[in-house]
Ligand SMILES: [Zn+2]
């Protein structure tokens with residue numbers, strides 16, 4: 001009986017993955033993957049609990065944000081002393097674009113890209129001509 005007998009191999013309670021070097025007295029084990037998964041799940045639930053969605057996406061990144069209850073936030077940090085001293089931050093709702101608008105926006109983007117490429121090509125052409133003249 002050497003030291004090796006103090007370890008055992010057990011399947012993970014959660015996923016059945018074989019976990020080696022489990023303490024002799026352990027009756028069950030959770031593999032590192034499941035541990036990580038659980039930790040992440042807990043993290044996510046904490047984040048959900050502690051960061052109430054007060055304003056629009058990214059409100060906490062704003063220098064100043066005032067919610068509907070006139071609570072003032074500086075970069076997401078509540079400033080109780082300033083409560084009620086500022087008007088509620090108006091949130092612009094992103095207007096849903098119609099299909100036609102989306103297509104038009106895409107066309108404009110493509111056109112811009114094209115123009116840029118043409119400009120670049122002309123520049124190259126000019127540089128080439130200059131070289132040839134020498
Ligand atoms: Zn597992």
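Structure summary
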{"read-out": "Percentage relative contact order, the chain, counting C-alpha pairs under 8 Å, at least six apart", "value": "10"}
{"read-out": "Sequence of 118, 30 once ranked by neighbouring C-beta atoms within 10 Å, starting from the fewest", "value": "118, 30"}
{"read-out": "Euclidean distance between Cα centres, the stretch 97-134 to the stretch 61-80, Å", "value": "43"}
{"read-out": "The chain: calculated mean residue ellipticity at 222 nm from DSSP helix runs of at least 4, using -39500 (n - 2.57)", "value": "-14500 deg cm²/dmol"}
{"read-out": "Helix 99-133 axis, angle to the chain major axis (alpha carbon atoms, nearest 10°)", "value": "70"}
{"read-out": "Along each principal axis, Cα extent of the chain, largest first, Å", "value": "89, 64, 35"}
{"read-out": "Most mobile of 91, 29, 64 in a GNM of the chain (Cα contacts under 10 Å)", "value": "29"}
{"read-out": "Diffusion coefficient, µm² s⁻¹, Stokes-Einstein with Kirkwood Rh over alpha-carbon pairs of the stretch 95-134 at 20 °C and 1.002 mPa s", "value": "174"}
{"read-out": "Among 114, 79, 63, residue whose mean-square fluctuation peaks in a GNM of the chain (springs only between Cα atoms under 10 Å)", "value": "114"}
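Computed from the coordinates by the stated procedures, all read-outs in this text should not be read as laboratory data. This structure is a prediction, so every number in the text was calculated from the model and none was measured. Don't worry about glycine lacking a Cβ; one is built from the backbone with ideal geometry, like all the others, and counts go over all protein chains shown.
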